[in-house]
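Right, one structure below, let's go through it.
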Amino acid sequence: MHIPGRRLLSIVALGAVAALSVAARPAARYLDNGLARTPPMGWNSWNKFGCNVSEQLVRETADAMVASGMRDAGYQYVTIDDCWQVARSAQGPIVVDSARFPHGMKALADYVHGKGLKFGIYTDAGRKTCEGRPGSYGFEAVDAKTYAGWGVDYVKIDWCNSEGLDAKTQYTIFRDALAASGRQIVFSICEWGSNQPWEWAPAVGNLWRTTGDIADRWSSVMTLVDLSSQYWHVARPGAWNDPDMLEVGNGGMTRTEYRSHFSLWAMMAAPLIAGNDVRAMNDSTRAAADIRDILLNRDVIAVDQDSLGIQGKIVQASPSELQVWVKPLADGSRAVLLFNRASVPSTITANWGTIGLKTKKARVRDLWAHTEQAVVENFTSAPVPSHGVVMLRVWPIAN
């Protein structure tokens with residue numbers, strides 16, 4: 001979420017090479033609830049709509065996710081962020097805003113499920129949400145049971161108004177409440193990376209924010225990449241670093257920058273949670289086509305969703321603004337990202353040895369151009385636009 005006065009991280013973006021050298025301690029164990037075996041994909045209301053959420057918006061979004069092809073491309077979760085709740089009843093259960101959600105959450109979840117999608121909801125581990133609505137502190141078991149009764153499949157839990165509370169303790173209480181709810185619910189921890197969640201959250205949730213909030217501008221994306229990329233060694237199936245939701249399609253960056261944003265999230269095995277107005281993706285405009293081209297690129301999505309569950313990392317950054325990223329994939333291939341952070345176009349070269357191949361020959365597919373070379377020897381080299389990427393999938397060929 002993004003609200004004035006919210007406690008955000010005050011962190012200067014780390015350089016790419018420095019990010020590689022930072023070592024976080026791996027968690028002692030991992031949550032084994034059988035969920036999120038690949039990074040969750042879906043949509044969340046906050047980035048585009050903020051508090052302006054309603055039953056109508058969610059129904060229309062679910063419809064649009066089907067019509068646009070998002071559902072068939074792997075996007076599953078339709079998640080309402082803050083501002084759906086208004087109070088607690090005298091008995092304790094949360095009260096839904098009946099003006100905005102006149103048929104209640106159970107009926108809305110049923111509608112989403114009827115579209116072949118899954119339903120997500122938001123709460124806060126503190127006393128109030130970031131927008132001042134009732135939080136879940138002291139009501140964890142009640143809320144988990146309520147959500148299960150509604151048919152919730154995914155819950156995002158924020159960290160506003162949590163002064164004096166211990167993050168690990170509070171999120172663990174919620175983990176146990178969800179486990180006892182009688183329904184399998186993906187658990188998204190959203191404490192902005194302020195309590196070193198990479199050290200404890202893998203044993204508590206399925207994904208955890210490693211950063212402050214994203215904004216729809218290039219500098220924000222770079223800050224989040226530099227922070228979240230440090231913890232590549234912690235991620236694995238069922239447990240994912242989360243650099244926040246996608247801004248693709250919200251208008252603050254260029255087409256080239258949005259492609260890079262999406263590609264970097266895929267390389268980091270990050271959750272792909274769209275934050276745009278997906279209803280506009282069905283328009284016949286060039287802008288809508290550009291958004292579809294990015295969010296529905298199945299070659300790139302396959303990299304993010306690879307079953308091996310390894311988060312990609314930087315293997316070459318000299319100079320630091322010209323980077324080579326590598327992500328090993330389950331079939332023995334490598335996803336390779338040639339990434340130009342500089343303000344001018346540059347040519348970037350990746351040698352096969354640098355990306356971990358032991359062969360001199362490889363088959364190479366360009367995941368944005370959708371072209372393929374049957375045999376490439378020793379290295380690949382390509383011109384990369386400013387703030388742009390060339391994203392490849394490289395299969396070794398036996399010598």
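Each reported figure results from applying straightforward, stated rules to the coordinates on display, with no laboratory input. Small disclaimer: the values here were computed from a predicted structure and weren't measured. Neighbour counts run over all protein chains shown; Cβ positions are idealised from the backbone, glycine included.
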| message | Along the Cα→Cβ direction, 7 angstrom out, place labels at Arg127 and Ser98. What is the inter-label distance in nm? | response | 2.8 nm
| note | With only helices counted (DSSP H, runs n ≥ 4, each -39500 (n - 2.57)), the per-residue ellipticity at 222 nm for the chain, to the nearest 500, works out to -7500 deg cm²/dmol
| remark: Computed D for the stretch 306-399, Stokes-Einstein, Kirkwood radius over alpha-carbon pairs, 4 °C, 1.567 mPa s, to the nearest µm² per second, is 97 µm²/s
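When all alpha-carbon pairs of the stretch 204-328 are counted, what percent fall beyond 27 Å? Mind showing how you got there, number by number?
Working: 1242 of 7750 pairs.
Value for the stretch 204-328: 16 percent of Cα pairs lie more than 27 Å apart.
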| query | Once you have the alpha carbon radius of gyration of the stretch 183-240, what is it after dividing by 2.2 N^0.38 Å, with N set to its residue count? | reply | 1.16
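Step through the table entries Lys118/Lys168; Lys168/Lys313; Lys128/Lys168; Lys115/Lys168; Lys156/Lys313, compare each Cα-Cα distance with 30 Å, and write down the pairs that go over it. Walk me through the intermediate numbers first.
Values: Lys118/Lys168 27 Å; Lys168/Lys313 27 Å; Lys128/Lys168 18 Å; Lys115/Lys168 36 Å; Lys156/Lys313 26 Å.
From the list (Lys118/Lys168; Lys168/Lys313; Lys128/Lys168; Lys115/Lys168; Lys156/Lys313), the Cα-Cα distance tops 30 Å for Lys115/Lys168.
Kirkwood hydrodynamic radius, the stretch 243-399, all distinct C-alpha pairs: what's the number in Å?
It works out to 16.0 Å.
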| When the label point is put 7 Å from the Cα of Val86 along its Cα-to-beta-carbon vector, which residues of the stretch 132-148 have a backbone N closer than 14 Å? | 133-134
| request: Count charges around Ile314 for me, please; just the other residues with Cβ under 15 Å from its Cβ, Lys/Arg as +1, Asp/Glu as -1. | output: +2
| request: Beyond 37 Å, what share of the Cα-Cα pairs of the chain is found? Please give it as a whole percent. | output: 20 percent
| said: Looking at the chain only, what percent of DSSP beta bridges run antiparallel? Nearest 5 please. | reply: 65 percent
| query | Which percent of Cα pairs goes in each bin when the distances of the stretch 145-285 are cut into 5 angstrom slices starting at zero? | reply | 2, 9, 19, 19, 18, 15, 10, 6, 2, 0, 0
